[in-house]
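Enquirer: This is the structure I have questions about; it appears just below.
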Amino acid sequence: MKVRKGVFLVAGLGTRTLPAAKTIPKVMLPLADKPAIQYVVEEAVAAGIEQVILVTAAGNQAVEDYFDTAYRLEETLAARGKEKELAELRALKEMAAVIGVRQHEPLGTGDAVRTARSVVGDEPFAVFLPDDVIDGQPPAIRQLIDVHETYGGEVVAVMPVPREHVDRYGIVEGAEVAAGVRRLRSLIEKPPVGQAPTNLAIVGRYVFTPAIFDYIDRIPTGAGGEIQITDAIDALAQEGEVYSSEFTGTRYDMGDKVGYLSASMDLALKRPDLRPGLVKYLRSLDLDRLDSPS
Ligand code: G1P
């Protein structure tokens, strides 16, 4: 069955992105001139996702509003003849059908996915953690959907990370069945450095079948006192088929301040309208001087 629905977990508090994310949902922080969530939704749409399900929380209505009609703004743009800006806003709304569901308490990624259960229904679906912005061709989630269409089952995106960083991620372990594809034996959320079975870290892209919901219901509270999606996938891997896919593309971590700044710079450099000015500015920097503390 075709993967048509994408669940986007946007309810996070953004504690790593403070103070900027105090009153703005972190996925609304701009990379170049677009909020991070737009890149992630564009990735989904380019991969064939037709329905965007936003799992939001109190205080982050801005994400839903972003994909809704901005009536006053559109009327004003129309009255002032600002056709280009108007077309851009309208295109944004037409990108996909957007549905919002509410997570009532910050109980973790497993609970957030479960919140979307009735909207997802009985079909496979994609899950996005929009803190992870991935610039990839084909889109990272498309690469996962291809693995799902070949092997069936659940699929998680992974990438190798330095050994000393394994405690920041979900870590997977399994046997390779094709280049970059593993059938997983176990997944563990944020293992202590030295206890991780591998350095293959989960990145925030998943393809699930509806079977995942029963496993979310069964697992106990995990790392950080939260219901972790990694634990539900691990439980499923003991009885069913779970694959990992080492995607190609560049992943940026919005929660890491240098990662955030790098994403903004790289994505702006890819834009023909922004690149020349930015390159000119970068050339003007005296890089040797930057090596000494400011
Ligand atoms: C989440 C997941 C973790 C994954 C990470 C990728 O953790 O729980 O398994 O490796 O995203 O960004 P978080 O960064 O939300 O703590």
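Enquirer: Round to the nearest 10 and report in Å² the accessible area of Arg16, as given by a 1.4 Å probe over the protein chains' heavy atoms.
Expert: 130
Enquirer: Still on this structure, I have one more. When the accessible area of the chain is split by element with a 1.4 Å probe, what percent falls to carbon and sulfur?
Expert: 52
Enquirer: Below 24 Å, Cα to Cα, which lysines can Lys2 reach? Residues fewer than 8 away in the same chain don't count.
Expert: Filter leaves Lys93.
Enquirer: Using the crude model of +1 on Lys and Arg Cβ and -1 on Asp and Glu Cβ, and no other charge, please compute the dipole size for the chain relative to its Cα centre, in debye to 20.
Expert: Dipole about the Cα centre, nearest 20: 680 debye.
Enquirer: Also: For Asp131, list long-range residues whose amide hydrogen, built 1.01 Å from N in the peptide plane, is under 5 Å from its own amide hydrogen.
Expert: Long-range HN contacts for Asp131: none found.
Enquirer: Now, a different point. Take the Cα atoms of region 242-283, find their three principal axes, and give me the spread along each one in whole Å, biggest first.
Expert: Between the extreme Cα coordinates on each principal axis of region 242-283 lie 47, 22, 15 Å.
Enquirer: Which net charge results for the neighbourhood of Val177, defined as the other residues with beta-carbon distances under 15 angstrom from its beta-carbon, given Lys and Arg at +1 and Asp and Glu at -1?
Expert: Charge balance near Val177 sits at -4.
Enquirer: Right, here's the next one. Once both labels are modelled 7 Å past Cα along the beta-carbon direction, what's the Met1-Thr23 spacing in nm?
Expert: The answer from the label model is 4.4 nm.
Enquirer: I would also like to ask the following. What does the accessible area per residue of the chain come to in Å², with a 1.4 Å probe and no ligands, DNA or RNA counted?
Expert: So the chain comes to 50 Å² accessible per residue, rounded to a whole number.
Enquirer: Kindly write out, for region 186-196 in residue order, the coupling ³J(HN,Hα) from the Karplus curve 6.51 cos²θ - 1.76 cosθ + 1.60 (θ = phi - 60°), rounded to whole Hz, with x marking Gly and Pro.
Expert: With coefficients 6.51, -1.76 and 1.60, one gets 7, 9, 9, 7, 6, x, x, 4, x, 10, 7 Hz.
Enquirer: Can you give the calculated 222 nm mean residue ellipticity of the chain, where each DSSP H run of n ≥ 4 adds -39,500 (n - 2.57) and the sum is split over every residue, rounded to the nearest 500 deg cm²/dmol?
Expert: -10000 deg cm²/dmol
Enquirer: Give me the dipole magnitude in Debye, nearest 20, for region 1-103 about the Cα centre, with unit charges on the beta carbon: positive for Lys and Arg, negative for Asp and Glu.
Expert: 320
Enquirer: Translational diffusion coefficient of the chain at 25 °C, 0.890 mPa s, Stokes-Einstein with Kirkwood Rh over Cα pairs, in µm²/s as a whole number.
Expert: 122
Enquirer: Kindly work out what percent of the DSSP beta bridges joining two residues of the chain are antiparallel, to the nearest 5.
Expert: DSSP beta bridges in the chain are roughly 60 percent antiparallel.
Enquirer: Whole number please: convex hull volume per residue, Cα atoms of region 12-153, in Å³.
Expert: Residue-normalised Cα hull volume stands at 134 Å³.
Enquirer: Using the Kirkwood formula over every pair of different C-alpha atoms, what hydrodynamic radius in Å results for region 138-254?
Expert: Radius from the Kirkwood sum: 14.2 Å.
Enquirer: Something else: Which whole-number percent is the relative contact order of region 219-276 (Cα, under 8 Å, 6+ apart)?
Expert: Taking the mean separation of contacting Cα pairs over the length of region 219-276, I get 14 percent.
Enquirer: Report, by chain and number, residues whose modeled amide H sits under 5 Å from the one on Ala97, excluding near sequence neighbours (fewer than 5 apart, same chain).
Expert: Close amide H contacts, sequence-distant or interchain: Val52.
The values are calculated or read from the model by the stated rules, or taken from the named source; none is laboratory data. Not measured: the values here are computed from a predicted model. Ideal geometry is used to build each Cβ from the backbone, glycine not excepted, and the neighbour counts take in all protein chains shown. What goes into the accessible areas is simple: the full protein's heavy atoms, side chains included, and nothing from ligands, DNA or RNA. Shrake-Rupley method; radii C 1.70, N 1.55, O 1.52, S 1.80 Å.
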